[in-house]
Amino acid sequence: MPAQARENVTARDRLIVALDVDTLGAAERLVEGLQGLVTRFKIGSQLFTACGPAAVEAVQKRGAEVFLDLKYHDIPNTVAGAAREATRLGVLMFNVHASGGVAMMRAAAAATVAAAKELARRPPLVIAVTVLTSMDRAALQRELGVPSSVEGHVLQLCQLARQAGLDGCVASPQEIRAIRNNLGRDWVIVTPGVRPAGAQADDQARIATAGAAAGAGAHYLVVGRPITGSPDPVKAAESILVEIDA
């Protein structure tokens, strides 16, 4: 298991708060407001497109780590270049789309290791996006023409990611147990689609509570709107941490 994952043993380190906001100021306020409670944050397409690497630097400057959620999906050479730059940014982990294929994922893994060696630092985790949590079986079959179940397709993509040398995957709470049973305890599972009991699903189709996701075997839990959209983000984060601990 990668060292980053071995060190991740407390509820506080398992929670990743998604900074899906459109300004650097809004992101900084959230990070500062959750300081001492949350140690890891996700920076996705919205914030990175608006602010670029400055968003990563702002989080790191406040003593927290970054999951760079840009879901690279391109030809192997292009994704290798992106992987090198993500490594140079010093992020905790970043992701690529497993549907880009083994050659693309292998290029990302190799470029990450090489860049980290040049910098004499530990490489970030490279994880594979499987099936987006906004999709269900009907959408997978009707729109993408995938004949298998969501769980079956997720497992197939995970096997390809492991073959390519990646560290883990992004998958919904509904596939966690199957992934853990098939890929073992060392495979890192990052789980979005986490919602408090009774909360709105928003645009997520495959969700679970933090307690259920953690109990099923998720290593990292990504939570966005239930915390960042709350009138009291600190209280909301504390509630999620209690669920994970339980």
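Just so it is clear, none of the values below were taken in a lab; they were calculated from the coordinates. Small disclaimer: the values here were computed from a predicted structure and weren't measured. Every residue, glycine among them, receives a Cβ derived from its backbone with ideal geometry; neighbour counts consider all protein chains shown.
Worth pointing out:
- Efficiency of FRET between Ser239 and Arg177 - r from beta-carbon atoms, R0 22 angstrom, step 0.05: 0.35
- Rounded to the nearest whole Hz, the Karplus-based 3J(HN,Hα) values (6.51 cos²θ - 1.76 cosθ + 1.60, θ = phi - 60°) of the stretch 78-94 follow the sequence 5, 5, 4, x, 5, 4, 4, 5, 4, 5, 5, 6, x, 6, 5, 7, 9, with x at glycine and proline.
- Computed from the Cβ-Cβ distance with R0 of 35 Å, the FRET efficiency linking Ala114 to Ala139 stands at 0.40.
- For the stretch 3-245, Kirkwood radius (reciprocal of mean inverse C-alpha pair distance, Å): 17.9
- Cα gyration tensor, the stretch 97-232 - rounded (a/c under 1.5), prolate or oblate: oblate
- Radius 9 Å from Cβ of Gly44, net charge of other residues (Lys, Arg +1; Asp, Glu -1): 0
- Here's the picture: charge each Lys and Arg Cβ at +1 and each Asp and Glu Cβ at -1 in the stretch 1-116, and of Ala54, Gly25, Met104 the one pushed furthest to the positive end of that dipole is Met104.
- Taking a straight line from the alpha carbon of Lys117, these lysines sit under 26 Å away, with near neighbours fewer than eight places off in the same chain left out: Lys42, Lys61, Lys71.
- Cβ-based exposure ranking for Val190, Val154, in which fewest neighbours within 10 Å come first: Val190, Val154
- Amide H contacts of Glu65: Arg40, Phe41, each under 5 Å away and 5 or more positions distant or on a separate chain (H built 1.01 Å from N in the peptide plane; Pro and chain starts excluded).
- Sorted by Cβ neighbour density within 10 Å, fewest at the top, the residues Lys71, Lys117: Lys117, Lys71
- Interchain or long-range residues, amide H under 5 Å from Gly224's placed H: Ala18
- Measuring nothing but how far apart in sequence close Cα pairs (under 8 Å, 6+ apart) lie, relative to its length, the chain scores a relative contact order of 19 percent.
- When shorter helices are ignored and each DSSP H run of at least 4 residues is given -39500 (n - 2.57), the per-residue value for the chain at 222 nm works out to -13500 deg cm²/dmol.
- Annotation for Thr10 and Asn77: the two label points, set 7 Å from Cα along the Cα-Cβ direction, are 4.6 nm apart.
- Close amide H pairs (under 5 Å, H built 1.01 Å from N) link Leu125 with Met93, Phe94, residues at least 5 positions away or on another chain.
- Integer Hz, Karplus 6.51/-1.76/1.60 couplings in order for the stretch 227-232, x for Gly and Pro: 9, 5, x, 7, x, 10
- Charge dipole magnitude, Cβ of K and R +1, D and E -1 - the chain, Cα centre, debye nearest 20: 540
- Couplings 3J(HN,Hα) of the stretch 181-186, computed from phi: 5, 8, 10, x, 6, 7 Hz, in residue order, whole Hz [Karplus 6.51 cos²θ - 1.76 cosθ + 1.60, θ = phi - 60°; x for Gly and Pro].
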